[in-house]
1. What spacing in nm lies between the two simple spin-label points modelled at S266 and V111, each 7 Å away from Cα in the Cβ direction?
2. Compute the long axis of helix 271-283 from its Cα atoms, compare it with the longest principal axis of the Cα atoms of the chain, and write down the angle in degrees, 0 to 90, nearest 10.
3. Mind listing the long-range amide H neighbours of V206? Cut-off is under 5 Å, sequence gap 5 or more, other chains count too, H placed in the peptide plane at 1.01 Å from N.
4. Whole-Hz ³J(HN,Hα) for each residue in region 212-229, computed from phi via Karplus 6.51 cos²θ - 1.76 cosθ + 1.60 with θ = phi - 60°, x for glycine and proline: what do you get?
5. Could you tell me how many cubic angstrom of Cα convex hull volume region 236-372 has per residue?
6. With N set to the number of residues, divide the alpha-carbon radius of gyration of region 26-152 by 2.2 N^0.38 Å and report two decimals.
7. What Kirkwood hydrodynamic radius, in Å, does region 300-387 give when the mean of 1/r is taken over all pairs of distinct Cα atoms and then inverted?
8. I'd like the FRET efficiency for Y186 and S379, computed as 1/(1 + (r/R0)^6) with the beta carbon distance as r and R0 of 56 Å, rounded to 0.05.
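The values are calculated or read from the model by the stated rules, or taken from the named source; none is laboratory data. None of the values given here were measured: they were computed from a predicted structure. Glycine gets a Cβ as well: all are built from the backbone with ideal geometry, and neighbour counts include every protein chain shown. Surface accessibility is based on the protein's heavy atoms, side chains included, excluding ligands, DNA and RNA. Shrake-Rupley method; radii C 1.70, N 1.55, O 1.52, S 1.80 Å.
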Amino acid sequence: MSKRWLAVLWLWPLFVFGAAPTPAPGAAAATRVIVLGVDHGVQLVSERDRPAALDAFLDRARPDAICIERTPEAFARGDFYEFTYEAQDVAVPFARRHGIALCPIDWEPPVEDQKLGFGLALDAPPELRPLKGFMGFLSFGQEALQRDFFHADDPARLDKVRTWAATPAARARHDLPRRLYLYRTYLQAQRIAAAARAHPGGTVVVVIGEFHKHDIEAILAEQPGLRLVQPSSLGRPDARAVEAHDRLEYRTAVASFNLLGVQAASGAVDYAYVGRAVAALEAAGATPQSRLFRLRLDRLQGRIGRDAAIAGYRALAAEAGAAGFAWTGVKDAARVDSWFDPFGNLDVRRRALLEAARETRAGGDGAGADALLAACVESLSPRQREQLRGYWQRDIAAAKPPASL
């Protein structure tokens with residue numbers, strides 16, 4: 001028998017049964033790994049799971065490293081999933097403010113494999129996104145408004161995910177998503193283990209979609225030198241701590257998502273939560289952005305009528321200049337939309353003109369609405385103009401009063 005095959009036979013049990021080296025005397029204490037399962041973006045609609053709560057929780061955990069749901073290759077070029085608000089807009093800035101190591105731990109199939117398996121690239125939205133469904137705009141139902149920060153710590157709340165992951169599709173040719181999920185989660189766990197080894201005796205916090213949490217923990221359960229800790233065991237930051245960790249960009253995101261995006265038409269808006277965000281922005285100083293949020297909030301709650309709203313939007317458009325928003329969620333600046341708002345890449349002036357046009361059209365003045373829309377699209381790129389007009393026509397075809405959108 002050749003030496004090569006002797007080596008294969010020698011190493012094979014390690015691959016089959018796994019190597020379990022005994023820690024050397026005096027070895028460092030186990031690294032704490034805290035896997036926080038999140039529902040991507042729900043922080044923007046649930047006050048019990050708000051962005052400042054995540055900020056305060058990370059401060060309480062005092063991690064040596066924070067693992068996030070993005071591939072190392074994409075992270076290296078500053079590229080994130082659109083919808084992982086909690087990663088790029090909370091966890092990453094927190095880590096950078098405090099000098100904490102960041103570990104991207106996701107895996108995804110190469111683009112060519114995505115096209116082969118699904119017929120498209122999974123990270124490339126169409127020119128006009130569908131209102132709902134795959135690659136559609138993100139919005140949440142009523143139940144999301146009550147989501148708790150530690151929701152995913154209870155495995156029973158994710159039974160459907162475990163059942164789906166353990167059950168092959170009825171037809172094997174439809175089983176690719178499940179098979180990729182299992183492979184992806186396994187590799188996420190291995191990258192988390194590598195991050196833990198790089199910080200012996202320290203603390204690693206993982207901020208990741210809740211669907212991955214319990215499979216990751218099962219894979220890591222017997223990993224030497226690693227101790228799994230449930231996030232809820234650290235306790236909940238109190239209201240004062242959460243408030244101390246609130247930030248201008250968090251409040252802007254809450255207001256924008258609920259007042260300007262498709263969430264506004266869902267019927268699932270916690271107006272008390274959103275109202276507090278808008279009031280805090282106003283208390284920080286009157287700005288074109290805060291004025292727009294106030295107008296939209298008052299209109300959606302019926303505190304002002306259509307004529308007053310139109311007058312307010314037109315006055316704001318005349319005064320806003322080049323003012324923008326403190327947060328937009330826009331990933332591709334060449335587009336007019338974001339992942340939650342068909343018109344998310346407009347500045348305050350253009351957005352005020354758009355809202356005035358919606359209200360004017362709803363009041364029966366089509367010519368007046370067209371004139372306002374023409375002023376809104378002026379100086380946009382040809383692509384942005386086409387997208388904006390496409391979404392505008394969709395609004396008209398939907399036969400819903402624009403004021404409720």
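1. 3.0 nm
2. The answer is roughly 80 degrees.
3. Close amide H contacts, sequence-distant or interchain: I34, V35, L36, C67.
4. 8, 4, 6, 5, 4, 5, 5, 5, 8, 4, 10, 5, x, x, 9, 10, 7, 10
5. Dividing the Cα hull volume of region 236-372 by its residue count gives 125 Å³.
6. Scaled against compact globular proteins, the figure is 1.21.
7. About 13.6 Å, per the Kirkwood formula over Cα pairs.
8. 0.70
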